[in-house]
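Undergrad: Let me begin by handing over the structure; questions about it come next.
What follows is calculated from the coordinates using simple rules that are stated; it is not laboratory data. Just so you know, these numbers come straight off a predicted model, no measurement behind them. Ideal geometry is used to build each Cβ from the backbone, glycine not excepted, and the neighbour counts take in all protein chains shown.
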């Protein structure tokens, strides 16, 4: 495995043609890519969280900041984590939208009921029974909620899993950020975007 800084450059160069939402035709997808995913503003909360929190790696911090922006953008009722909530993500999510609840998805998923109006974010780590988790989730997720899948390029199995999600008939827009993927379940036309994150 390459050190983060070298790997970051390699990934960035491979995805250079996807900078700043280039090639995205949908106005809503373009706005999401630029205003949420690639929002490079310096939020004051970032500094507060860095001072008060524990030291994390560069990729984890980048993902945590994205979770802050996703929480702020979506004004989520809850963020559901499988298989476990990641401490620094929780802090960033709460700063993004203070009323967002942090919950944990556990088998047999009996507490997984996504009401018609619920605004949830589901975060799946590709560990253990992540495919079963997705199968349970896809049956209840509504059009106001979306899915974040961590580490979609970890290995061939996780890449295939991400492609399965992209191909799912319920998924409309999906965003491949290399370090993670985001899938929406609303009624927009199906499209997968690669973003240089």
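Undergrad: Suppose the chain between residue 50 and residue 160 were pulled fully straight at 0.36 nm per residue; how much longer would it get relative to their current alpha carbon spacing?
TA: Full extension from residue 50 to residue 160 adds 36.1 nm.
Undergrad: Now a separate question. Given (i) -0.31, -0.48, -0.81, -1.61; (ii) -0.42, -0.60, -0.87, -1.32; (iii) -0.35, -0.52, -0.81, -1.37 as candidate values of log10 I(q)/I(0) by the Debye sum over Cα atoms at q = 0.09, 0.11, 0.14, 0.19 Å⁻¹, which corresponds to the one derived from the coordinates?
TA: Of the labelled values, this structure produces (i).
Undergrad: I've got another one for you. Springs between alpha-carbon pairs under 10 angstrom, Gaussian network model over the chain: which of 149, 11, 141 fluctuates most?
TA: Per the Cα network of the chain with a 10 Å cutoff, 11 tops the list.
Undergrad: How far, in nm, would the chain grow between residue 102 and residue 6 when pulled straight, counting 0.36 nm per residue and subtracting the alpha carbon separation?
TA: Full extension from residue 102 to residue 6 adds 31.2 nm.
Undergrad: Once you've got the GNM for the chain with C-alpha springs shorter than 10 Å, pick whichever of 78, 64, 118 has the biggest mean-square fluctuation.
TA: 118
Undergrad: Now a separate question. May I ask you to sort 143, 99 by Cβ crowding, counting other Cβ atoms within 10 Å and putting the fewest first?
TA: Ranking 143, 99 by Cβ neighbours within 10 Å, fewest first, gives 99, 143.
Undergrad: While we're here: Can you give the FRET efficiency to the nearest 0.05 for residue 34 and residue 129, using r as the Cβ-Cβ distance and R₀ = 35 Å?
TA: 0.50
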